[in-house]
1. Could you rank Glu221, Glu214 by how accessible they are, 1.4 Å probe, largest area first?
2. Using modelled amide H (1.01 Å from N, peptide plane; none on Pro or chain starts), what sits under 5 Å from the amide H of Phe123, excluding residues fewer than 5 places away?
3. For Tyr318, Tyr100, write out the residues from largest to smallest accessible area, computed with a 1.4 angstrom probe and no ligands counted.
4. Report, to the nearest 10°, how far helix 425-483 tilts away from the longest principal axis of the Cα atoms in the chain, using its own Cα long axis and a range of 0 to 90°.
5. Once you sort the root eigenvalues of the Cα gyration tensor of the chain as a ≥ b ≥ c, which label holds: rounded (a/c under 1.5), prolate (a/b larger than b/c) or oblate (the other case)?
6. Which one, Asn441, Ile425, Val409, projects farthest toward the positive side of the charge dipole computed for the stretch 393-449 from Cβ point charges (K/R +1, D/E -1)?
7. Take every Cα pair under 8 Å in the stretch 165-265 that's 6+ residues apart, average their separations, divide by the length, and report that relative contact order as a whole percent.
8. Step through the table entries Lys51/Lys427; Lys297/Lys427; Lys141/Lys176, compare each Cα-Cα distance with 20 Å, and write down the pairs that go over it.
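The values are calculated or read from the model by the stated rules, or taken from the named source; none is laboratory data. What you see is a predicted model; the values in this text were computed from it and never measured. All Cβ positions, even for glycine, are placed from backbone atoms using ideal geometry, and neighbour counts span all protein chains on display. The protein model used for the area step is the full one, side chains on, heavy atoms only, and it has no ligands, DNA or RNA in it. Shrake-Rupley method; radii C 1.70, N 1.55, O 1.52, S 1.80 Å.
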Amino acid sequence: MSIQSLGVGSGIDLESLVQQLLVAERGPKTARLDAREERLSAEISAVGQVKSKLSDFKDILEDLQQEGNLSGREPVIENPSEDNDVLSVQPNNSALPGVYEIAVTQLAKGSRIETADAGAGGFASRDDEVLSAGTADLTFKVGNTGDEFTVNVTAGTTLAELRELINNNADNFGVKANIINTGTDGGGAKLVFTSDVTGVGNDLQIVNTNDNAELTRLTTETSAGAASGLSIEPENRATNAIAFVDGIEVQSDSNKFEETIQSVRFDVNELSEKDAANQPIASKVTIGFDEEGLKEKIEEFVKTFNELNAELNRLTDYGDSDLEEDGALAGDATVRGIQNGLASILGSNVQGSVIGSLFALGIELTNEGELEIATSDFGLGSGSDRLENALNDNFDDIEKLFNSDNGIVSRLLEFTEQYTQSSGILKTREDAIKDQQDSVNTDRERFELRMISVEQTLRDRYLSLDTTVARLQRTGSALFATLG
């Protein structure tokens, strides 16, 4: 488009006239495009909000499906005094309720070995050499456990350096070496080995791999398994943990007791207190249903669903008057389909469940589509009563109601995934809206090109008028000058 200064010849404000005509031409179409663009932006934002709320609800559903979240057991431990921390208890979801008396009389521990006094062939100080010439290996192992590592000792290695070689070995399975300085000439410096591997028969073995004579004072056996220079005192051998469950002695090669009580693990932390007769005082362990935890999960499920429902209602409602705006998805069939589908599942019966339905659990759908722990009775007690009865009488069946193959949560998850997955209904809906937004942008570009053409046409037309008027004005001026 050429740049023309309209009205210069005629003195008429044709430029203003062209601009006014362009505004009049542009206004209606621009308003329609702007309104359409605004509506699409609000719609895609609303679909995103629906997706977000559905995802939040889906997170709760997935949490409810996690093992143990709806069938947890609650252990209660009563120790003889508040200063005790004798044991901890972890029942799994199939543990039977019960009460047990548990006393701990021995903790599992690993073995301990120490080198001899300096006067008996040991070491005078931490700087003593353990090997004067050549190289040799020390192999650390525990019976048939498979735990094993080897340390290479070179000429000139001191007792302190050997300690570091042991402690820093990459394959070390739990052997710690320490030096204790006795402060006496006869005692000297003792290298003390401790093993984390507990249980009877799991004593630490230090093998003189190359049968080096100088390393005899650091090993418990030769390469052939014969006795070497070191031995383990009886009180330093690895031991089992010992406890009494309802008076029955039980043992474990660690401080963890698995399946001693069916479906219950308990870990022992310290010895039980003793009474005046020097007998251990048992701790009382009660295994019960985690009713409070399950009730909180159910209440969270109700709350999250109601938040979803409130958001869907807000987005789909029509304004009560002309002064109130409709929701961005007012009357939307997709969202109504979501609400109807959720309500249908929530109000259905579950085959194979003794409780059978959310209604029997005390949870009802209101006329507004919300869930509530009902106050209505219907001869079955209030919702709170029904929930308490289910928790007390059919605790494990609540898991079936929600998480069996045709359970409430299982079906809700399957339903919501249709909408929230990457190729789901709402993603398809978003893609369709984006296509419409692209179409608006294309229409806007085409309209701008058309307006350029319209402006050029107007300018050409009024340029001709400007030229004609200017010519007439010059002719008139010449005529008046001639008539003088």
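1. Ranked from most to least accessible, the order is Glu214, Glu221.
2. Here the answer is Ala118, Ala189, since their amide H atoms fall under 5 Å of that of Phe123.
3. Tyr318, Tyr100
4. For 425-483 against the chain, the angle is about 30 degrees.
5. oblate
6. Value computed over the given set: Asn441.
7. Once normalised by length, the contact order is 17 percent.
8. Lys297/Lys427
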